[in-house]
Amino acid sequence: MRNLKRLAALCTLTLTAALAAASSAAPTSAWMTEEAMRAAFIGNTLDGHYVDGLRWTETYSAEGRLDYRESARKGSGHWYFRDRTFCTFYDPGYGLNGGCWNAIKTSANCYEFYIAGLIETQPEDESVPGPLGGWAARAWRTGEPSTCEDKPSA
């Protein structure tokens, strides 16, 4: 019985630590609006990196087109908004899929992108971003000093 109580206490402590870590990783600010994303991204080039550290660059034209580059791949495609969701998809032939993202501005020139849900409803302003609060990509406007951390903090 004593071992069972010890195991229960250990499980409770582990779960509490895991939940605290997940909530501390999640930003507390609200999702960016479509208007805020348009102002920050459209007509600009973003430099960034994925959570695994792979660097990328993407340019968004006012006409809805985009150009993407990373170390071994490049491609063209199109972007669009669906309320607070920013979608980027690539033309066939590049081996790139694209996806839809919710974004948070974390500092003057730093944005975190979270994979948008696959359901039609949009996230609530106060909901925890992304799966377990983890960002998929971080970026900043090219030509301005980045205010993001030098290395991913995932």
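The values are calculated or read from the model by the stated rules, or taken from the named source; none is laboratory data. What you see is a predicted model; the values in this text were computed from it and never measured. Cβ placement follows ideal geometry from the backbone for every residue including glycine, while neighbour counts extend to all protein chains displayed.
Flag not set for Lys5, criterion: more than 20 Å from Glu112 (Cβ to Cβ) and at pLDDT 90 or above.
Conditions tested, residue by residue: (1) surrounded by fewer than 14 Cβ atoms within 10 Å (Cβ to Cβ); (2) modelled with pLDDT of 50 or more; (3) not aliphatic (A, V, I, L, M).
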residue	(1), (2), (3)
Leu13	yes, no, no
Glu35	yes, yes, yes
His49	no, yes, yes
Trp56	no, yes, yes
Thr59	no, yes, yes
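For the range 33-50, the set of residues classified as part of a strand (DSSP E or B) and of a type in the set (Asp, Glu) consists of Asp47 only. Tallying residues that are part of a loop (DSSP other than H, G, I, E, B) and either of a type in the set (A, V, I, L, M, F, W, C) or within 14 Å of Trp79 (Cβ to Cβ) (or both) within the range 51-66 yields 6.
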